[in-house]
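The values are calculated or read from the model by the stated rules, or taken from the named source; none is laboratory data. The structure presented is a predicted model; accordingly, all values stated were derived computationally and were not measured. Note: ideal-geometry Cβ built from the backbone for every residue, glycine included; neighbour counts use all protein chains shown.
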Amino acid sequence: MRQLTVKGLSAGYRRSDVLSGITFSLDEGEVCAVIGPNGGGKSTLMRAILDLGTRRRGEVRISGSDTSRLTRIEIARLASFLPQEYDCDARLTVREMVLLGRHPHRSSWSMDSEEDVEIAQECMELTGVTKLSDRLFCELSGGERRLVMLASALAQKPSILLLDEPAASLDFRNQIDVWRLLGRLGSLGVSVLASTHEIGIASRFTDRMLALAGGRCLAFGTPGEVCTGEILGEVFGIDLAVAPDGYGGFSVIPMPGDSRR
């Protein structure tokens, strides 16, 4: 089943387009990494897909539904979004933060149901934050907060999960754990679109890669199709040595010398 369809998407801010003519699609359970330079439009793409103020033109369908015809709550029942930045000062416990992810599935002012609590517990276990459940969110480290927000996003039980640099601020072990978890979600039927600079790690756990640069899509395909020195060099404007890493992914190493730009 086609879970996400993006056709001719243009997005930006005020009078300036950041992205133009972006077209790609994800099937049920596919995990896709969005790669590109800083300012290349990765965050803008995420917000445009969810129609959060950056979309100019184009069509986006989630689970077959045209998002331009859906309410904000209806979109939230289909798609969950973990941005790079969020309120770090919230004086809520970790459990309460995760339960916020159940909001789209509750009627106004209703209490947390037994099902809500069970789903929140399941998502905390998935992300390894159960031991933090009674801690205040604002007292956690940056990496711990990231994992809690991922648990909250998962608690929405989305068809598609969009994440803006999900493993940022995490150590090597937690980076691997997060990408392994995203791959597991794919096997459970959840499609995942995640922006990242961790190309080597992401290439082990993703089915597709979308490379953005200069406001357009330079490549979309399997990690093996996208992770070439030619393509990545054009994306990042620097010569890169790219080779299989022996673990199912690719190592990407900047070469000495002047950049291409």
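Just a few scattered comments:
- Top-ranked residue of segment 41-57 - restricted to ones that are among the β-branched types (Val, Ile, Thr) and either surrounded by fewer than 22 Cβ atoms within 10 Å (Cβ to Cβ) or farther than 14 Å from THR23 by Cα (or both), ranked as modelled with the highest pLDDT: THR44
- Filtering segment 203-261 to residues that are charged (D, E, K, R), at pLDDT 95 or above and in a loop (DSSP other than H, G, I, E, B) leaves only ASP207.
- Figure legend. Inter-residue proximity from segment 133-155: first residues closer than 13 Å to ARG95 by Cβ and touching a residue at least 24 places away in the same chain (Cβ under 8 Å), second residues assigned to a strand (DSSP E or B) and among the hydroxyl-bearing types (Ser, Thr, Tyr), beta-carbon distance below 8 Å, spacing 6+ or different chains. Indicated pairs: SER133/THR93; ASP134/THR93; ARG135/THR93; LEU136/THR93; PHE137/THR93.
- Filter result for VAL117 (aliphatic (A, V, I, L, M) and more than 21 Å from the chain's Cα centre (by Cα)): yes
- Residue count, segment 147-172 (criterion: touching a Phe, Trp or Tyr at 6+ places or on another chain (Cβ under 9 Å) and at pLDDT below 90): 2
- Among the residues of segment 160-173, those identified as of a type outside the set (Phe, Trp, Tyr) and farther than 21 Å from LYS42 by Cβ are ASP171, ARG173.
- One residue from LEU70, LEU126 being out of contact with any strand residue (DSSP E or B) (no Cβ under 7 Å at 6 or more places or on another chain), closer than 22 Å to ARG2 by Cβ and surrounded by 15 or more Cβ atoms within 10 Å (Cβ to Cβ): LEU70
- Of the residues making up segment 223-239, those that are crowded, with 20+ Cβ neighbours inside 10 Å and without any contact (Cβ under 8 Å) to a residue 24 or more places away in the chain number 1.
- The single condition among (1) in contact (Cβ under 8 Å) with a residue 24 or more places away in the chain; (2) within 15 Å of the chain's Cα centre (by Cα) that GLY101 does not meet is (2).
- If you go through segment 152-180 and keep only what is in a helix (DSSP H, G or I) and within 13 Å of the chain's Cα centre (by Cα), you end up with ALA153, LEU154, VAL178, TRP179.
- Among the residues of segment 202-226, not one is over 19 Å from the mean Cα position of the chain (by Cα) and either basic (Lys, Arg) or closer than 19 Å to GLN175 by Cβ (or both).
- Candidate set from segment 160-208 (those that are among the polar types (S, T, N, Q) and out of contact with any strand residue (DSSP E or B) (no Cβ under 9 Å at 6 or more places or on another chain)); member that is surrounded by the fewest Cβ atoms within 10 Å (Cβ to Cβ): SER187
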